[in-house]
1. In Å², and per residue, what accessible area does the chain have when probed at 1.4 Å with the other protein chains present?
2. Treating only the Cβ atoms of Lys and Arg (+1) and Asp and Glu (-1) as charged, compute the dipole magnitude of the chain about its Cα centre; round to the nearest 20 debye.
3. Roll a 1.4 angstrom probe over the protein heavy atoms and tell me the percent of accessible area of the chain that is carbon or sulfur.
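The values are calculated or read from the model by the stated rules, or taken from the named source; none is laboratory data. It should be emphasised that the depicted structure is a prediction, and the values quoted were computed from it without experimental measurement. Backbone-built Cβ (ideal geometry, glycine too); neighbour counts: all protein chains shown. Ligands, DNA and RNA are stripped out before the accessible areas are found, and what is left, the full protein with its side chains, is counted by its heavy atoms. Shrake-Rupley method; radii C 1.70, N 1.55, O 1.52, S 1.80 Å.
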Amino acid sequence: MKKNMGSVDKTIRLILAVIFIALSLLGVVSGALEIVLLVLATIFALTSIIGSCPLYPPFGINTTPKVKK
């Protein structure tokens, strides 16, 4: 899979994942919302680690830094 996420994008996703997990562990959210946030946290963490988001190519999004030639 081609890398299409820059470092700022990865960092934001990891921070959101940590926040969502913390909300769940602290009991701030529960029920369906908790499940949705944990699924999103998992997706955000995985895409951040991999460096590629499968939703970016169909929309032409690429947040990696431009390479100067």
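1. On a per-residue basis, the chain sits at 74 Å².
2. 600
3. Numbers: 3820 of 5080 Å².
Roughly 75 percent of what the probe reaches on the chain is carbon or sulfur.
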